[in-house]
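The values are calculated or read from the model by the stated rules, or taken from the named source; none is laboratory data. Small disclaimer: the values here were computed from a predicted structure and weren't measured. In this analysis, Cβ positions are derived from the backbone assuming ideal geometry, glycine residues included, and neighbour counts consider all displayed protein chains.
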């Protein structure tokens, strides 16, 4: 029997997977999703979402994709989880494969010409909206930024043919400043911040409810919740990790709820992260 079943839940409430089902939409997250959806629907081109490690960018990207699930006939999405490639040619070949473009192109120039033809055919002749989503955008090299800038140049008098959404850590900012031609093309941007204390508590409750928690008793004491916020500073990834470990420790000690002592013990046994932002 899984630990969550012992608590009457149907699935793990504090999974580390970026599942849209478990994404708590704070006011800030809803605002960000709304801006991205509008930018894509209006075909404005480049959108950038920045945030420190653990602020929920990856989960947000999956949630954004889910917004358009029922409109597959109009939208065509491709997702790059991490843009690390050995060369510009491999980068372009990967783009072509993601968009199911069959070609024997053997050079960067051939790949670019094929991508241009593809975007005009899909965006103009077929009326589709082509969307490329890149996670871990801080890993984009200057060469890849220039490649993407060129793709963003393809447009009609009314709209951009490629909708590009980049989710990146703050390391991306210096790269943007060194690539003003790419930076100038940003139509929509948003900075994700950690949750406040009220939203941190609401997120914990939301995830337990999503997992099937009946809510008949309090699983985390008020002091435990306060301590979790103070320790994690509201970073969603850190919150889910700490809550998971606290529940395991609670069950191991046959307790009915996670109390302050449990949280403090778990925190004291965690591996230090060297003063870096929560991961």
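Annotations for the structure displayed:
- Segment 122-145 - residue that is surrounded by 15 or more Cβ atoms within 10 Å (Cβ to Cβ) and over 23 Å from the mean Cα position of the chain (by Cα) and, of those, nearest to residue 181 (Cα to Cα): 123
- Candidates 222, 254, 214 - the one that is on the phi > 0 side of the Ramachandran plot and more than 20 Å from the chain's Cα centre (by Cα): 254
- Of all residues in segment 98-118, those satisfying the criterion of being in a helix (DSSP H, G or I) and within 24 Å of residue 69 (Cβ to Cβ) are 98, 118.
- Test for residue 26: is it under 21 Å from residue 238 (Cα atoms), out of contact with any helix residue (DSSP H, G or I) (no Cβ under 8 Å at 6 or more places or on another chain) and surrounded by 21 or more Cβ atoms within 10 Å (Cβ to Cβ): no
- The set of residues from segment 119-140 being in contact with a strand residue (DSSP E or B) (Cβ under 8 Å, 6 or more places away or on another chain) and not in a loop (DSSP other than H, G, I, E, B) comprises 119, 122, 123, 129, 130, 131, 132, 133, 134, 137, 138.
- Restricted to segment 1-73, the set of helices (runs of 4 or more DSSP H) holding at least 2 residues that are free of Cβ contacts under 8 Å to residues at least 12 places away in the same chain comprises 27-41.
- Of all residues in segment 51-88, those that are touching a strand residue (DSSP E or B) at 6+ places or on another chain (Cβ under 7 Å), over 25 Å from residue 237 (Cα atoms) and surrounded by fewer than 16 Cβ atoms within 10 Å (Cβ to Cβ) total 1.
- Within segment 170-279, helices (runs of 4 or more DSSP H) holding 2 or more residues that are touching a residue at least 12 places away in the same chain (Cβ under 8 Å), under 30 Å from residue 153 (Cβ atoms) and in the same structural domain as residue 149 (by TED's automatic domain parsing): 172-177, 180-183
- Scanning segment 89-110 for residues being surrounded by 16 or more Cβ atoms within 10 Å (Cβ to Cβ) and farther than 22 Å from residue 76 by Cβ gives a total of 2.
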